[in-house]
2 protein chains.
Amino acid sequence: MRQKYRISPLAPKKENKVSSIQGIELYTYCANLYDKSRNDVAIFIFKEKGSIAEVFTQSSMRSCTLDWNEKALKKKEVQAIIINSGNANTFTGKKGYQSLIKISELVSNMFNLSKSKIFFASTGVIGEEFPEQKIINAIRKNKVKNNNWMDAAKAIMTTDTFPKAISSKTKVDNKVVTITGITKGSGMIEPNMATMLGFIFIDLEIPQKILQALLKQLNAKSFNRISVDGDESTNDTVILASSNKIKLKNKINSINDKRINSLKISLYKVFSSLSEQIVRDGEGATKLIKIKVKKAKNSLQAEKIARSIANSNLFKTAIYGEDANWGRIIMAIGKTYEKINQSKLKIYFGNYLVAMNGKANTKINNSDIKKYLSQKEVEIQIDLAIGNSHADTLTCDLSHKYIDINASYKS
Amino acid sequence: MRQKYRISPLAPKKENKVSSIQGIELYTYCANLYDKSRNDVAIFIFKEKGSIAEVFTQSSMRSCTLDWNEKALKKKEVQAIIINSGNANTFTGKKGYQSLIKISELVSNMFNLSKSKIFFASTGVIGEEFPEQKIINAIRKNKVKNNNWMDAAKAIMTTDTFPKAISSKTKVDNKVVTITGITKGSGMIEPNMATMLGFIFIDLEIPQKILQALLKQLNAKSFNRISVDGDESTNDTVILASSNKIKLKNKINSINDKRINSLKISLYKVFSSLSEQIVRDGEGATKLIKIKVKKAKNSLQAEKIARSIANSNLFKTAIYGEDANWGRIIMAIGKTYEKINQSKLKIYFGNYLVAMNGKANTKINNSDIKKYLSQKEVEIQIDLAIGNSHADTLTCDLSHKYIDINASYKS
């Protein structure tokens, strides 16, 4: 049985309000993949020719839904996106892929679409038979549009403790453009591994090539900069799709088109908010940890070090214990094998400089740091003082609750 | 304050008996680095010209003791090894290195040795001032030989819950040769990160070059094949040293010298036992997990996959919960990005084949697997069926106790 958890202590105080996107219809279903109390399938239907861009997990054991999408992506058009929670459709053999064919046939008939322009995303348990019939039965019964897009964010949750969504409006060529993104974080069903899915919708017409370039740029600075437990999912995917409803006189012809400058900022805000929401709901998280690596030799080095700290169990457990054990940061930097100038390195907890000149800063008051670490949001700064590159990473602590969640019996 | 823990549930039923090595004298001290109740410094003195081989952590933030040793190693001779627990002498600035000079001066005067042929090893908290004076005071007061080498294993413990040592005897050219090894595992003081130290002593005369080659081979198959939490220490080191007391008529002239065949087997047993003892005392460990990857394309692939599974928090937490969630093994294989033939892959929990033909083996009885996983020692086998290479890894589970141990306050 899926366990119920109280809401994450890092959850936003109140739910974001989200807008629907013109030109896209939402349908939500309860296919009883958990129980009758919640929705578990969401379908987005594009009324006109929609554009789509997608990035995939690099896992060599990825879900067959991603094989399907990679093929569909070649059509450069989207007519529907079907998402389910409760089952990852990963390591489900040929039958798993056949389920996609069957479901796409049903949906293309019901909504009069082209089968090959349908996209899928699944999240849930790996290696269990895909509940094709349950999903088909649910979709067949119901064709009532849902105008509350927050319900889509709720339908894709697994063990997420709150739905993750955000909307943003901006102007392009004096036309109001709306962006709505939904995502889900580290989830477990009966129980299961973390799976990250993200869907960002927009109404502005953007050529597919530019959409894909935008997605790549935005993803690198948002979803790819977070970490909960260092375990990469077989199903991770982020989709950026446009209904192309709002058309400009002169089409956007380049990613550097000045007219989309403010749009890029809005999109980044959406991507960055969604990825932060995932960390805020990291399994067992009690603290949001921002790691800033500054003055690295190059950006690869900065990222490597930020990621190494963010993925260190010892570091994350120390932060959970509100323990200023920065020796573990030293360890995490060291295990990247990157050449560091120890005497120039500075480590800050918030504004407190804890290490400098190759040793501890003994002038710092330990009780001040403890007080700082007792907060829900903590910033760690590493100043390498050997170059001009930097990288940020967002992560959460490693707590007893993480073990509770992930040590539960499968059934 | 250092916390007291009960002994690991995976500890050996009774302490191994260990032999001293002729030609090497042991001195143990209480420098009060924890409290007056335990020893925390051990010195091995080589009565004749001793040979030494050493492998080091690859960390770029390693302890200054390893900088010292790397230099000393060039002399190809050892006269003393000084080991302390309680402080890692890492990120301790110039003062940390100066402490080594002072201590080596004291020890070389007391025992009439050459300063440059002294080796150091430290384990404990990072970034705290090295307690040079306490150590000097302790050594100065006491020059009584200790014949119980198990006391050396005890003196180098940090949060280890049992001392780790083993002896083995074998014959080379009809002469009885003795090997004694001591090691320490994942430790924490007030609290601190894991540090692995290993010291293996032998009385047979072996040229330094061959000793170093032997150490490299043995280390690759033992200490380098274990993992507790994937965090590599700044102080990891393994030393293989000989008193050269037992001399053969014709010196050993190659690592392939047939006369040392049985010695190699004995050495491997010692290395392998010591590294298994570390995992058995992994922080919070409740289960010993052996991961066997078979029929990989090449040994690099086999090792990569074995290590990825061994370091996956989700996998380790599942085993702690006795949960047959092999989907997490699929995930851990996938995140290596290695190309796998999903339909050929087989996964076994003990003798139970849980996944095959690209999907779950539904014939398996879940309660049988649960019973299997309730044991203290668990074997996971991954048959990739794409080549002839294999790799084994030893790890432990990730438990609530790991969080307890590592979330404690530093002071």
* What residue, of A:L300, A:L214, A:L248, A:L263, is more than 26 Å from A:G124 (Cα to Cα), part of a loop (DSSP other than H, G, I, E, B) and aliphatic (A, V, I, L, M)? -> A:L248
* Structure fact -> Within segment B:144-177, the residues that are hydrophobic (A, V, I, L, M, F, W, C) and closer than 19 Å to B:I246 by Cβ are B:W149, B:V172, B:V176, B:V177
* To do: Considering every residue within segment B:345-354, establish whether at least one is small (G, A, S) and at pLDDT below 95.
  => no
* Asked: Which residues, counting only those in segment A:58-82, are within 12 Å of chain B (Cβ to nearest Cβ), hydroxyl-bearing (S, T, Y) and crowded, with 23+ Cβ neighbours inside 10 Å?
  -> A:S63
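For (1) part of a helix (DSSP H, G or I); (2) without any contact (Cβ under 8 Å) to a residue 60 or more places away in the chain, each residue gets a yes or a no:
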{"residue": "B:K75", "(1), (2)": "no, yes"}
{"residue": "B:T90", "(1), (2)": "no, no"}
{"residue": "B:M110", "(1), (2)": "yes, yes"}
{"residue": "B:F120", "(1), (2)": "no, yes"}
* Asked: Considering only residues of segment A:348-383 that are in contact with a helix residue (DSSP H, G or I) (Cβ under 8 Å, 6 or more places away or on another chain), among the hydrophobic types (A, V, I, L, M, F, W, C) and assigned to a strand (DSSP E or B), which is surrounded by the fewest Cβ atoms within 10 Å (Cβ to Cβ)?
  -> A:V378
* **Residue list for segment A:251-260, filter: surrounded by 13 or more Cβ atoms within 10 Å (Cβ to Cβ), part of a loop (DSSP other than H, G, I, E, B) and within 26 Å of the chain's Cα centre (by Cα)** => A:I255
* Only listed residue being more than 10 Å from chain A (Cβ to nearest Cβ), in a helix (DSSP H, G or I) and either under 19 Å from A:M61 (Cα atoms) or touching a helix residue (DSSP H, G or I) at 6+ places or on another chain (Cβ under 9 Å) (or both), chosen from B:I329, B:I309, B:I291 -> B:I309
* Asked: Looking only at segment B:379-396, which residues are over 18 Å from B:S272 (Cβ atoms) and in contact with a Phe, Trp or Tyr (Cβ under 9 Å, 6 or more places away or on another chain)?
  -> B:I380, B:Q381, B:I382, B:D383
* Asked: Applying the selection to segment B:357-385, what residues are within 32 Å of the chain's Cα centre (by Cα) and aliphatic (A, V, I, L, M)?
  -> B:I369, B:L373, B:V378, B:I380, B:I382, B:L384, B:A385
* Residue among A:A302, A:A318 that alone is under 28 Å from the mean Cα position of the chain (by Cα), within 9 Å of another protein chain (Cβ to nearest Cβ) and surrounded by 22 or more Cβ atoms within 10 Å (Cβ to Cβ) -> A:A318
* Asked: Can you tell me which residues in segment A:272-306 are in contact with a strand residue (DSSP E or B) (Cβ under 7 Å, 6 or more places away or on another chain) and small (G, A, S)?
  -> A:S273, A:S275, A:G282, A:A285, A:A296, A:S299, A:A302, A:A306
* Among the residues of segment B:224-245, is any touching a residue at least 24 places away in the same chain (Cβ under 8 Å) and part of a helix (DSSP H, G or I)? -> yes
* Asked: Pick from A:S104, A:S60, A:S108: which is closer than 28 Å to B:R328 by Cβ, in contact with a helix residue (DSSP H, G or I) (Cβ under 6 Å, 6 or more places away or on another chain) and not hydrophobic (A, V, I, L, M, F, W, C)?
  -> A:S60
* Being closer than 18 Å to A:N89 by Cβ and among the aliphatic types (A, V, I, L, M) is the filter; apply it to segment B:321-339 and report the residue that is surrounded by the fewest Cβ atoms within 10 Å (Cβ to Cβ). => B:I330
* Structure fact -> Of the residues in segment B:384-400, those that are more than 9 Å from chain A (Cβ to nearest Cβ) and crowded, with 21+ Cβ neighbours inside 10 Å number 6
* From A:E105, A:E129, grab the single residue that is at pLDDT 95 or above, more than 30 Å from A:K14 (Cα to Cα) and either of a type in the set (D, E) or not assigned by TED's automatic domain parsing to the domain that holds A:V228 (or both). => A:E105
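Conditions tested, residue by residue: (1) under 18 Å from the mean Cα position of the chain (by Cα); (2) among the β-branched types (V, I, T); (3) surrounded by fewer than 24 Cβ atoms within 10 Å (Cβ to Cβ).
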residue	(1), (2), (3)
B:S243	no, no, no
B:L274	yes, no, no
B:Q277	yes, no, no
B:L288	yes, no, yes
B:V293	no, yes, no
B:R307	yes, no, yes
B:N313	no, no, no
* Structure fact -> Checked segment A:128-162 for anything within 23 Å of A:M196 (Cβ to Cβ), part of a helix (DSSP H, G or I) and among the aliphatic types (A, V, I, L, M); matches are A:I135, A:M150, A:A152, A:A153, A:A155
* To do: Give just the number: which of (1) without any contact (Cβ under 8 Å) to a residue 12 or more places away in the chain; (2) more than 7 Å from chain A (Cβ to nearest Cβ) does B:A407 not satisfy?
  => (2)
* To do: Enumerate the pairs (first residue in segment A:147-169 and under 12 Å from A:K17 (Cα atoms); second residue anywhere and of a type in the set (D, E) and surrounded by 21 or more Cβ atoms within 10 Å (Cβ to Cβ)) with beta-carbon separation below 9 Å, excluding pairs fewer than 6 apart on the same chain, so at least 6 apart or on different chains.
  => A:A153/A:D160; A:K164/A:D281
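The values are calculated or read from the model by the stated rules, or taken from the named source; none is laboratory data. What you see is a predicted model, and the numbers here were worked out from it, not measured in a lab. With ideal geometry, Cβ positions are generated from the backbone for all residues, glycine too; neighbour counts draw on all protein chains shown.
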